[in-house]
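The values are calculated or read from the model by the stated rules, or taken from the named source; none is laboratory data. Everything quoted here is computed from the prediction, not taken from an experiment. Cβ atoms come from the backbone with ideal geometry, glycine included; neighbour counts cover every protein chain shown. Only protein heavy atoms, including side chains, enter the accessible area calculation; ligands, DNA and RNA are left aside. Shrake-Rupley method; radii C 1.70, N 1.55, O 1.52, S 1.80 Å.
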Amino acid sequence: MKKNIKAELSQNFAPGLVVFLVALPLCLGIALASGAPPLSGIISGIIGGLIVGFLSNSNVSVSGPAAGLSAIVLTAITDLGAFDIFLCAGIIAGLMQLILGFVKAGGIANYFPNSVIEGMLAGIGVIIIIQQIPVALGIGGYSDLFSNGIQSVHIGTLVITLISISILLIWERIAFLKKLKMLPGALVAVTVGILLNQFFVSTGSSLAISSNNLVKLPVLSSLGDISNLAIFPNFEGFLNPKVWTIGITIAIVASIETLLCIEASDRLDVYKRNTNTNTELKAQGIGNLLSSAIGGLPMTSVVVRSSANINAGAKSKTSSMIHGLLLLVCVLSIPVVLNMIPLATLAAVLLIVGYKLAKPATFEHFWHKGKYQFISFVVTLGAVVYFDLLTGVALGMAFSILILLFGNIKKGLEVSTEKGFGKYYNITLAEEVSFLNKASIKKRLLSLPENATVWINAKKSVYIHADILELIEDFANNRARERNITLKLSGFKDSVNINNDIDNDIITISHRRAI
């Protein structure tokens, strides 16, 4: 038993440490973007790691505050006027997710095509790269680069970024170093980044990185400061109808994001294990309940942290729990040391993660799968980058459905011409012939020449919509007679009665139901 615990910890400590290093600035950054207290992001990360990590049956996904929710949270806090009122909406969202889990709504994830999921992942990768380039260069934003050119780049920040990236790449490519699970490349990069910047500071060098570009955590002088910094729900918020609307909105968005991220994480998992999505929704619901109850932001399963976890070699959900524990311990014990970490080093870690999510090989893979798969992938990617995650996925799904409908319309029938028999056409109906095929079938029938012989064969068909049967009946009794077309019908199931009145050549197709 002790050996199993030791092996579990040794296998998952390094990935947990890497995720902790990635999650730490994200928790703070998302809290800032959401207009919430900095500690609320950390609380969400701790609950996401320890509680959701324990309750979830996902082996590799990591939960915490999500960038996809930040716009909703910011608008909600501004609208409600107080963060403690907003926390009530988080509790409602958690309860809603619990209900969704119990009614087994997690199966919706199975209806997203791979091109959309991979497009979402690549889009997130591109966003990460776009967001982290200014941090890696030490500039305020792209506007600085465009207006001042290369002079706006902080050389010290760039040096630390390049050294950090080099360390991470070397650790991945040299087998001996890669096996040092207790000494991951990210930890080495962070340590070197801290030491190098402290050297710049101590020597008074212009290469020293300012405090604005270092990690910023609240420093607690005692455990009693936690209660002073934390904000708890104002339960009067439950009487506000807006709070319920916001809570339901967060529940829907957070659940969809979580299901998509779980699907993506399972695809990235080296061992190809499957997660019970209904269990995941319940775990997320409990996590959001607890997080909001003690002043934390809403959470989801997050692709950035999950992919960093997988890339670091995580074997089980223990790594997620370790990341949550490290957040808790370090925030309480060594915030001063953590506040020495250059954001440039963390940007280097994220740039590697972003590249792996949007690597050229993925584009090549979908290019070879066909133009429709590739376009669906690119549409999702572009929309995720330009709009947001949910809009991108929605547009990707809409395009995939249009392609499906278009393909279904085209596949309603097969037409062959028999040589040696004059104008003889064999029209074989597809297995599924719906009303969507009506236009293509009608167009083909109306294009038949005069004096032709046409055989409509339904032997493959399992289902034929009533509109199609009426179309064939109308063609037989009108167009075919006008153009002297001989029509033969075969293969129709017993549920369709086909009567051919020999005296007046009138064909009647009656049916109890569409077959």
Study note, to complete from the structure: Taking every C-alpha to C-alpha distance in segment 363-410 and binning by 10 Å from 0, the per-bin percentages run 30, 48, 21, 1
Review point. When the Kirkwood radius is taken over all Cα pairs of segment 333-391, what Stokes-Einstein diffusion coefficient follows at 4 °C and 1.567 mPa s, in µm²/s?
Key: 92
Review point. Size of the dipole of the chain about the Cα centre, Lys and Arg at +1 and Asp and Glu at -1 on the beta carbon, nothing else charged, in debye to 20?
Key: 1420
Check your understanding: Binning every alpha carbon pair distance of segment 292-353 at 10 Å from zero, what are the percents per bin?
Key -> 17, 40, 40, 3
**Study point:** Trp244-Lys459 FRET efficiency (beta carbon distance; Förster radius 60 Å; 0.05 resolution)
**Key:** 0.60
Review point. To the nearest 0.05, what FRET efficiency results for Leu332 and Ala7 with a Förster distance of 30 Å applied to their C-beta separation?
Key: 0.60
Check your understanding: If you take the charge dipole of the chain about its Cα centre, with +1 on Lys and Arg Cβ and -1 on Asp and Glu Cβ, which of Ile341, Thr300, Leu389 is farthest toward its positive end?
Key -> Ile341
Review point. Roughly what percent of Cα-Cα pairs across segment 423-470 reach past 14 Å?
Key: 52
Point to revise | Between 0 and 90°, nearest 10: helix 185-202 axis offset from the chain longest Cα axis | key: 40
Practice item. In vacuum, with every alpha carbon of segment 17-57 counted as one equal point scatterer, what does the Debye formula give for log10 I(q)/I(0) at q = 0.21, 0.35 Å⁻¹? Two decimals, please. Key: -0.63, -1.07
Practice item. Take the solvent-accessible surface of the protein heavy atoms, probe 1.4 Å, and return the percent of it on the chain that carbon and sulfur atoms account for. Key: 64
Check your understanding: With the other protein chains left in place, how much accessible area per residue, in square angstrom, belongs to the chain at a 1.4 angstrom probe?
Key -> 47
Review point. If you take the beta carbon distance between Asp79 and Ile155 as r and set R0 to 35 Å, what does 1/(1 + (r/R0)^6) give as a FRET efficiency, to the nearest 0.05?
Key: 0.20
Study note, to complete from the structure: With bins of 5 Å, the percent of all Cα-Cα pairs of segment 209-351 per bin from 0 is 2, 8, 12, 17, 17, 16, 15, 9, 4, 0
Check your understanding: What Kirkwood radius, in Å to one decimal, follows from the Cα pairs of the chain?
Key -> 26.3
Check your understanding: By the scheme Lys and Arg +1, Asp and Glu -1, what is the net charge of all other residues having a beta-carbon under 10 Å from that of Gly68?
Key -> -2
Check your understanding: In percent, what relative contact order does the chain have, based on Cα pairs under 8 Å that are 6 or more apart in sequence?
Key -> 25
Check your understanding: How much length, in nm to one decimal, is gained on full extension between Tyr111 and Val219, taken as 0.36 nm per residue of separation minus their Cα-Cα distance?
Key -> 34.3 nm
**Study point:** Along each principal axis, Cα extent of segment 66-158, largest first, Å
**Key:** 57, 41, 20
Study note, to complete from the structure: The extension gain from Asn274 to Glu236, computed as 0.36 nm times the residue separation minus the Cα-Cα distance, is 9.6 nm
Check your understanding: When the Karplus curve 6.51 cos²θ - 1.76 cosθ + 1.60 is applied with θ = phi - 60°, which whole-Hz ³J(HN,Hα) does each residue of segment 331-346 get, with x for Gly and Pro?
Key -> 5, 7, 10, 10, x, 5, 5, 4, 6, 8, 6, x, 4, 4, 5, 5
Practice item. Determine the relative contact order of segment 122-272: mean sequence separation of Cα pairs under 8 Å and six or more apart, normalised by residue count, in whole percent. Key: 14
Practice item. For helix 38-47, report the angle its Cα long axis makes with the longest principal axis of the Cα atoms of the chain; keep it between 0 and 90° and round to the nearest 10°. Key: 60
Review point. What angle, in degrees between 0 and 90 and rounded to the nearest 10, separates the Cα long axis of helix 277-293 from the longest principal axis of the Cα atoms of the chain?
Key: 40
Review point. Can you give the helix-only mean residue ellipticity at 222 nm for the chain, where every DSSP H stretch with n ≥ 4 adds -39500 (n - 2.57) and the sum goes over all residues, rounded to the nearest 500 deg cm²/dmol?
Key: -19500 deg cm²/dmol
Point to revise | Amide proton proximity set for Tyr424, modelled H, under 5 Å, gap of 5+ | key: Glu418, Thr453
Review point. Does segment 150-294 come out rounded, prolate or oblate, given a ≥ b ≥ c as the square roots of the eigenvalues of its C-alpha gyration tensor, rounded meaning a/c under 1.5 and, failing that, prolate meaning a/b above b/c?
Key: oblate
Review point. Given the pairs Lys315/Lys356; Lys104/Lys242; Lys317/Lys369; Lys369/Lys442; Lys438/Lys459; Lys371/Lys438, which are separated by over 22 angstrom at their Cα positions?
Key: Lys104/Lys242; Lys317/Lys369; Lys369/Lys442; Lys371/Lys438
**Study point:** Mean shadow area of segment 38-114 over all directions, Cα convex hull, nm²
**Key:** 6.6
